[in-house]
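Heads up, the thing below is written out as structure tokens.
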Amino acid sequence: MITDAYDIAPCPLAPGVLLRPLAAEDAGALALAYGRNRDHLRPWEPRRDEAFFTEEGQAARVGELLAMRGAGRVAPWVVADEQDGIVGVVNLNNIVQGAWRSCNLGYWIAAGYAGRGLATAAVTAVCRAADERLGLHRIEAGTVTANAASQRVLAKCGFELIGHARQYLHIDGEWRDHVLFQRILNDRQPAA
């Protein structure tokens, strides 16, 4: 378990906007954020049942994420605006230590906050935490082939294109092709 590594202080991304670790108290704000951005996220996310958009649904999901975080398998963060609440999410998923020391990155920014550099700032901060706090070597990210905005974020954050994956994830009701990227964080030897 690497719980202490997740004790990361909030990171300012812009005036009044912080990247901070997910907390149990975020369920209501997450339900509101997902509800407000339902149409914006639809082309890039799996189809969600109605329970997902409720505080109860988010409370269950947050509980699962925090349990996996305690086991060292995920690192979930939220992007929070001091006026509007949660306006984005960044997750490191499928964290594996040992010889692989790698994970998968997922993120989104609210429609009203897109184009302000918040995704780039948040991904940059999470990459730094993955390297310095979690001791990871590599982060992989995939985007639906049509998601040019997300591909630009990854390029700005130092990710390199590594290939295309046919029918990679079930997104918006269909198996979608994805463009795959990776970022090598360091060349350190894995800890014993």
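The values are calculated or read from the model by the stated rules, or taken from the named source; none is laboratory data. Note that the structure is a prediction, hence the values are computed from the model and not measured. Here Cβ is always computed from backbone atoms with ideal geometry, including for glycine, and neighbour counts include all displayed protein chains. Just the protein is used for accessible areas: all its heavy atoms, side chains included, with ligands, DNA and RNA removed. Shrake-Rupley method; radii C 1.70, N 1.55, O 1.52, S 1.80 Å.
Evaluating Pro12 against the criteria (1) out of contact with any Lys or Arg (no Cβ under 8 Å at 6 or more places or on another chain); (2) modelled with pLDDT of 95 or more; (3) closer than 25 Å to Ala149 by Cβ; (4) outside any helix (DSSP H, G or I) leaves one unmet condition, (2).
Residues in region 140-192 that are touching a residue at least 24 places away in the same chain (Cβ under 8 Å) and of a type in the set (Phe, Trp, Tyr) were compared, and the one that is most open to solvent (accessible area, probe 1.4 Å) is Tyr168. Is one or more of the residues making up region 22-34 surrounded by fewer than 18 Cβ atoms within 10 Å (Cβ to Cβ) and acidic (Asp, Glu)? Within region 22-34 (the criterion being surrounded by fewer than 18 Cβ atoms within 10 Å (Cβ to Cβ) and acidic (Asp, Glu)), the answer is yes, since at least one residue qualifies.
So, in region 116-139, of the ones that are touching a Ser or Thr at 6+ places or on another chain (Cβ under 9 Å), outside any helix (DSSP H, G or I) and open to solvent by less than 30 Å² (accessible area, probe 1.4 Å), which residue ends up farthest from Arg176 (Cα to Cα)? Checking each candidate, the answer is Leu136.
Only one of the listed residues (Arg69, Arg48, Arg73, Arg38) is within 14 Å of the chain's Cα centre (by Cα), open to solvent by 60 Å² or more (accessible area, probe 1.4 Å) and not aromatic (Phe, Trp, Tyr). That residue is Arg73.
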